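Worksheet for the structure shown next.
The values are calculated or read from the model by the stated rules, or taken from the named source; none is laboratory data. Predicted model, so just to flag it, every value in this text is computed and none were measured. Neighbour counts are summed over all protein chains in view; Cβ atoms, including those assigned to glycine, are modelled from backbone coordinates with ideal geometry. Note: areas computed on protein heavy atoms with side chains; ligands, DNA, RNA excluded. Shrake-Rupley method; radii C 1.70, N 1.55, O 1.52, S 1.80 Å.
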Amino acid sequence: MGVVVQKFGGTSVADAERISHVAQTVAATADAGHSVCVVVSAMGRATDDLLALAASVSRDPHPRELDMLLSAGECVSIALLSLALHDLGREAVSLTGFQAGIFTDSRHGSARILTVRPERVADALRRGRIAIIAGFQGMSCDTDVTTLGRGGSDTTAVAIAAAVGADVCEIYTDVDGVFTADPRVVPEAVKLDMLSYDEMLELAASGAQVLMTRSVEYARVHGVRVQVRSSFTDGEGTWIVGDDELAERAIVSGVAHDSGEAKVTLHRVLHRPGVAAVVFGALADAGVNVDMIVQNVSHEGRTDISFTVPERESDRAGSVLADAAREIGAGAVEIDPDVGKVSLIGAGMRSNPGVAAEMFAALGAAGIDVELISTSSIRISCIVRAADVERATQVVHDAFADALAYSAAREAVAPS
Ligand code: ADP
Ligand code: ASP
Ligand code: MG
């Protein structure tokens, strides 16, 4: 039998009891004859606690040192899980990101995996051992410890699965799979049996934190089969597969929300070629991720440009823009953190022009004001007041409930 990668998130390893439970799941998989690689996150809220600890000793924690600190969270989990497996009579070996061969660029806090050299992992598997790998962390070319960004253990798991040629990458979490919306916000959300990499990518990028966006990109590029399932209950979970494996293309497959956005407006920008390049070039150089961009109609040769950035990057965006505004002779920079985004995703919407109108009608009927709109061929996103985000998610889910339920039960292409 083949290699299986199993990733357990923070809630799944939150305390000693949960770790023992994970050890039993892993041991049962090994007993079924599989070679098993396990990727674990830090226990419960350990990463948040470490961040708070850093903030209590430093006003602006040095990125290199912060990564060193945060990586400790996952190191605790691998050692504890390995100890629990030894107690069950299994040979397990805990490995840091570096020992597992995860090499990254040196962008501390959001490093990208450049290559995986899984020799030690492969060696452990050859010897019949269970490899327990620390998620979220890697090593830069300068041999500094790096971290991959919040939720990064998902990416570690997929990268290890690709590197060792695993049959499946199982992502164990605190929900039964990927739902048509965050079940914490929309209680009637339905679990999707299957969805495509593209749909999952848009859902994740639009705020559905169940999988880190980069892990889905990685899985798509390397063709890794991903299964999202619960570590608390049994069940098939959700399969993320290639577009061609799905029997049909759903018009809509999910609603995602993101409360962590800020709206930035640069007032009275001269309407002249090259100005937008100065503004967005400066933001890109500072590593600020810009999402929706709207340029208003110009009056007397000047216009306002609005766009969104992740809320945690809004301070950096503000100081970069203050300089850029001076350079191009623009007016004031306004930052509004009290906004959020609701997005409707579906690979079939590109051939169904009525979807956007129906979404706006539902939001309008609920008295929810839409401030910015952006679309891709398989997504419509609306910026609304932060206080309205959860209600907007519910309203859009209600409006498309039948279509969403239909796509939740989509099947795989019948084998020929
Ligand atoms: P883990 O610690 O296991 O990595 P996360 O908290 O990162 O877990 O992700 C799981 C959470 O993602 C769920 O508890 C759920 O609230 C949230 N979530 C957001 N959108 C969705 C969705 N569409 N389907 C399932 N869960 C979602
Ligand atoms: N522990 C890290 C975090 O909390 C990585 C992860 O859980 O995937 O973001
Ligand atoms: Mg996660």
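So here's what we get for this one:
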| item | result |
| --- | --- |
| Contacts under 6 angstrom Cβ, first residue in segment 135-146 being touching a residue at least 40 places away in the same chain (Cβ under 8 Å) and under 11 Å from residue 113 (Cβ atoms), partner assigned to a loop (DSSP other than H, G, I, E, B) and open to solvent by 10 Å² or more (accessible area, probe 1.4 Å), 6 or more apart | 139/98; 146/108 |
| Residue list for segment 132-153, restricted to those being within 13 Å of ligand 3 (Cβ to nearest atom) and touching a helix residue (DSSP H, G or I) at 6+ places or on another chain (Cβ under 6 Å) | 135, 136, 148 |
| Among the residues listed as 144, 105, the single one being under 23 Å from residue 216 (Cβ atoms), in contact with a Lys or Arg (Cβ under 8 Å, 6 or more places away or on another chain) and more than 16 Å from ligand 2 (Cβ to nearest atom) | 105 |
| Test: residue in segment 275-284 that is among the hydrophobic types (A, V, I, L, M, F, W, C), part of a strand (DSSP E or B) and either open to solvent by 10 Å² or more (accessible area, probe 1.4 Å) or within 26 Å of residue 396 (Cβ to Cβ) (or both) | no |
| Segment 1-14, residues that are within 14 Å of ligand 1 (Cβ to nearest atom) and either over 20 Å from residue 70 (Cβ atoms) or part of a loop (DSSP other than H, G, I, E, B) (or both) | 6, 9, 14 |
| Number of the exception - residue 240 against (1) of a type in the set (Val, Ile, Thr); (2) closer than 30 Å to residue 316 by Cα; (3) under 20 Å from the mean Cα position of the chain (by Cα) | (2) |
| Tally, over segment 169-203, of residues that are open to solvent by less than 10 Å² (accessible area, probe 1.4 Å) and within 21 Å of residue 396 (Cβ to Cβ) | 11 |
| Residue in segment 184-194 that is touching a strand residue (DSSP E or B) at 6+ places or on another chain (Cβ under 6 Å), over 23 Å from residue 116 (Cα atoms) and of a type in the set (D, E, K, R) present | yes |
| Search result, residues across segment 287-307 that are assigned to a loop (DSSP other than H, G, I, E, B) and open to solvent by 30 Å² or more (accessible area, probe 1.4 Å) | 289, 290, 291, 296, 297, 298, 300, 301 |
| Among the candidates 20, 41, 35, 58, residue that is buried (at least 19 other Cβ atoms within 10 Å of the Cβ) and farther than 22 Å from residue 152 by Cα | 35 |
| Which numbered condition residue 156 fails, given (1) closer than 21 Å to residue 341 by Cβ; (2) within 16 Å of ligand 3 (Cβ to nearest atom); (3) touching a residue at least 40 places away in the same chain (Cβ under 8 Å) | (1) |
| Answer from 260, 254 - the residue that is within 30 Å of residue 189 (Cβ to Cβ) and either touching a Ser or Thr at 6+ places or on another chain (Cβ under 6 Å) or of a type in the set (Ser, Thr, Tyr) (or both) | 254 |
| Set 282, 250, 256: member being in contact (Cβ under 8 Å) with a residue 12 or more places away in the chain and in contact with a Phe, Trp or Tyr (Cβ under 9 Å, 6 or more places away or on another chain) | 250 |
| Sole residue being in contact with a Cys (Cβ under 9 Å, 6 or more places away or on another chain) and more than 16 Å from ligand 2 (Cβ to nearest atom), chosen from 164, 158 | 164 |
| Members of segment 214-228 that are within 16 Å of ligand 2 (Cβ to nearest atom) and open to solvent by 40 Å² or more (accessible area, probe 1.4 Å) | 214, 217, 218 |
| Selected residue [farther than 16 Å from residue 256 by Cα and open to solvent by less than 10 Å² (accessible area, probe 1.4 Å)] from 348, 329 | 348 |
| Sole exception among (1) closer than 26 Å to residue 167 by Cα; (2) open to solvent by 10 Å² or more (accessible area, probe 1.4 Å); (3) small (Gly, Ala, Ser); (4) away from ligand 2 (no atom under 16 Å from the Cβ) for residue 237, by number | (2) |
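Let's see how each residue does on (1) outside any loop (DSSP other than H, G, I, E, B); (2) at pLDDT below 95; (3) more than 30 Å from residue 403 (Cα to Cα):
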| residue | (1), (2), (3) |
| --- | --- |
| 79 | yes, no, yes |
| 83 | yes, no, yes |
| 98 | no, no, yes |
| 103 | yes, no, yes |
| 120 | yes, no, yes |
| 123 | yes, no, yes |
| 128 | no, no, yes |
| 151 | no, no, no |
| 154 | yes, no, no |
